[in-house]
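The values are calculated or read from the model by the stated rules, or taken from the named source; none is laboratory data. Treat the numbers as computed from the prediction; the structure is a model and nothing was measured. Quick reminder, even Gly has a Cβ in these numbers, built from the backbone with ideal geometry, and neighbours come from all protein chains shown.
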Amino acid sequence: MLLAISGSSTLESVVQLVGIILIFIFVLAATFLTTRWIANYQRTTTKNRNIRVVETCRLTTNKYIQIVQVGEKYLAIAVAKDTITVLAELGEDEIIDFSAESVSSKGESFGKIMEKIRSMKPKK
């Protein structure tokens, strides 16, 4: 009775559903491709610059200390809401590269740490 009143058949409803799903997939794909394009564009525009942020330490919600490489120099700067202050000029020997080191001090993998935690959990 309800279908007769609305004037649409089951076939038309299925066709509408498939159409909506196809439109959703198209929008999702367009969003994905646009995001990748913007990321590649930003990567190429910032790649050939003389200024690079090496490290950032957040102090409060709007105050940071950053180590910035400008050409061959390293600067420690304080960044606040409205001001940027140069704290010190650092030598290249004072910069420690932590990217190559492991996050864990013992060199343990995440799986080993999880096993230790599971073994500490009391069994029921």
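Quick look at the numbers
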| quantity | calculated |
| --- | --- |
| Failed item in (1) surrounded by fewer than 10 Cβ atoms within 10 Å (Cβ to Cβ); (2) in contact with a strand residue (DSSP E or B) (Cβ under 6 Å, 6 or more places away or on another chain), with residue 79 passing the rest | (1) |
| Subset tally (residues that are within 19 Å of the chain's Cα centre (by Cα) and not in a strand (DSSP E or B)) for the range 52-95 | 1 |
| Whichever residue in the range 24-51 is modelled with pLDDT under 85 and among the basic types (Lys, Arg) and, among such residues, is farthest from the chain's Cα centre (by Cα) | 49 |
| Filter pass, residue 56 being loosely packed, with under 10 Cβ neighbours inside 10 Å and assigned by TED's automatic domain parsing to the domain that holds residue 80 | no |
